[in-house]
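Notes to accompany the following structure.
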Amino acid sequence: MSDQQTFYITTAISYPNGAPHIGHAYEVIATDTLARFKRLDGYNVRFLTGTDEHGQKMIQTAAKHGMSVRDFANQQAPLFQEMARVLTCSNDDFIRTTEERHTRSTQAIWQAMVDAGDIYLDKYSGWYSVRDEAYYAESETTVTDDGVRIGPQGSPVEWVEEESYFFRLSKYEQPLLDHYAANPDFIGPDERRNEVVSFVKGGLRDLSVSRTTFDWGIPVPGDEKHVMYVWVDALTNYITAVGYPDTQSDLFATYWPANVHVIGKDILRFHAVYWPAFLMSAGVALPKRVYAHGFLFNRGEKMSKSVGNVIDPHSLVAAYGVDQLRYFFLREVPFGKDGNYSHDAIVNRINADLANDLGNLAQRSLSMIAKNLGGVLPEPGAFTGDDTAILDQTDALLDKCRAAMDRQEIHLALGEVWQVVGEANRYFAAQEPWALKKTDPERMGTVLYVTAEIIRQVAILAQPVMPTSSEKLLDLLALSADERTFATLGASGRLKAGTELPKPQPVYPRYVDEIPDEEK
Ligand code: ME8
């Protein structure tokens, strides 16, 4: 086996009961960025995303469309695959929970939980939210002025009373608390940890894990009138995709336990309480980290399929460009916090950070090399204090970005890189290479070399967020594929003087608003 370090990262699997929305896009973009970062940093990465196709929500929506649930799922899942493709995501696998491999895996984890003595038959009576696919204690529900009983996330709940298998979640209260204490990084961001710890400290009740009133789901082994609760099935996707129950397989041995499950804050309880309890029961190792990102709001309003104010990710890509959109979301919204987006905020980032700061700097410096130096990277003269200062800051970026990305603080990594882009603009303006052309051409060459070297490192570090445009920038520096990994960052990978560069092309156009103000 190779000694290359591995990294397994996953998104939540989306309910395909509607078209993919911007929350889905945001999660897969962020996770793709974390996966790409690790690949460029030399890791053997596996990145999984997919669709969660069972559950009552799917039954209800299919019925509304007058379709069988299976046909409806088959129609919807490709929309999510297509979204990942359009967003240039580099997922290695796409799992659908209706696949045969997943039935086998889910029945196996169920059996392992039975063998551990953790599943028993009883009767369930209580509240269920189809929208959240979650059971709630009566104390977690409230009644609205219109007399509708709702769960803690505002969705209507219905009374359920039927025979059900239960999972002995209560047995795992202390083991879970011990696990959180021994593994302070298990839940991120830090502030979300306390929320989970106090929920578990509040006491865990056994969980109803099967239903008998519908048959769209994975049958309970040995008692086929029951189908499993959709979350048992959904969470198991993370191990199905690495070959569970074949725990001896290369795939499983290489990638499990996962390094990070990236999810939204609304489903943290399922991932940080239920999932580790199921795995402990089944004797499977626990994921190393669960990271809950925040919610995106369109100008402050919550978007969701059920509220009906969804913005289609495809139209955003068409309007702004895929790299621009990826950059905007990851730079603008601190990962882990809620955030807003609006046309003006997107345009502002595109024009200020991409077109002006990075795009112009690259275009101006590379055009000067083309015009004044025949398109050949100059040999730098002795570096001045200013040159060394900016190069040192650039060389220090990798360590800073690594530290941030290891904690999923994507916005901080981008902040560090753009801080250097800002400094590089000030350096370029202060050195005035256009004036040096006449007075000191050799010094002009050095300034242009230093600037191109900064662009090299910035473009390499920008690849995880903006894969397509960074590639174009690196093409302009005539770098080969193996000169684009993080191993080349820092002083050891400096640009080679004498390299002939292609004709510079603008990479980050300005966004010019053609919509009249009153129609925005
Ligand atoms: O919860 N902003 O599926 P889902 C940011 N199938 N993220 C958002 C969001 C928003 N406005 N809306 C949703 C499910 N998300 C389950 C997951 S995992 C084993 C099963 C996030 O389609 C949400 O938090 O409702 C979740 O992480 C993901 O999108 C899929 O949501």
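Values in this text are rule-based calculations from the coordinates and carry no lab data. Remember, it's a predicted structure, so these values are computed and weren't measured experimentally. Counting neighbours? That spans all protein chains shown, and the Cβs are built from the backbone with ideal geometry, glycine included.
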Could you say which residue among Leu286, Leu251 is part of a helix (DSSP H, G or I) and more than 16 Å from the chain's Cα centre (by Cα)? Leu251
May I ask you to say which residue of Ser281, Ser208 is of a type in the set (Gly, Ala, Ser), away from the ligand (no atom under 16 Å from the Cβ), in contact with a Gly (Cβ under 8 Å, 6 or more places away or on another chain) and closer than 22 Å to Met113 by Cβ? Ser208
Residue among Arg349, Arg331 that alone is free of Cβ contacts under 8 Å to residues at least 60 places away in the same chain, out of contact with any Cys (no Cβ under 9 Å at 6 or more places or on another chain) and surrounded by 19 or more Cβ atoms within 10 Å (Cβ to Cβ): Arg349
Just give me the residues in region 238-254 being buried (at least 24 other Cβ atoms within 10 Å of the Cβ) and either farther than 12 Å from Val284 by Cβ or polar (S, T, N, Q) (or both), in sequence order. Thr240, Ala241
Flag if Phe72 is of a type outside the set (Gly, Ala, Ser), touching a Ser or Thr at 6+ places or on another chain (Cβ under 6 Å) and part of a helix (DSSP H, G or I): no
Look through region 18-54, keep the residues that are assigned to a loop (DSSP other than H, G, I, E, B) and near the ligand (Cβ under 8 Å from one of its atoms), and return whichever of them is farthest from Phe72 (Cα to Cα). His21
Complete set of residues in region 365-387 that are under 20 Å from Gln505 (Cβ atoms) and among the aliphatic types (A, V, I, L, M): Leu366, Met368, Ile369, Ala370, Leu373, Val376, Leu377
Would you say Asp215 is in a helix (DSSP H, G or I), in contact (Cβ under 8 Å) with a residue 12 or more places away in the chain, more than 10 Å from the ligand (Cβ to nearest atom) and charged (D, E, K, R)? no
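Quick grid of which residues meet (1) within 16 Å of the ligand (Cβ to nearest atom); (2) in a loop (DSSP other than H, G, I, E, B); (3) touching a Phe, Trp or Tyr at 6+ places or on another chain (Cβ under 7 Å):
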position: Trp159; (1), (2), (3): no, no, yes
position: Lys171; (1), (2), (3): no, no, no
position: Asp185; (1), (2), (3): no, yes, no
position: Glu195; (1), (2), (3): yes, no, no
position: Gly222; (1), (2), (3): no, yes, no
position: Pro245; (1), (2), (3): no, yes, no
position: Ala258; (1), (2), (3): yes, yes, yes
Could you please let me know if Ala112 is under 16 Å from Met228 (Cβ atoms), touching a Ser or Thr at 6+ places or on another chain (Cβ under 8 Å) and touching a residue at least 24 places away in the same chain (Cβ under 8 Å)? yes
Among the numbered criteria (1) touching a His at 6+ places or on another chain (Cβ under 9 Å); (2) among the polar types (S, T, N, Q); (3) surrounded by fewer than 14 Cβ atoms within 10 Å (Cβ to Cβ), which one does Thr97 miss? (3)
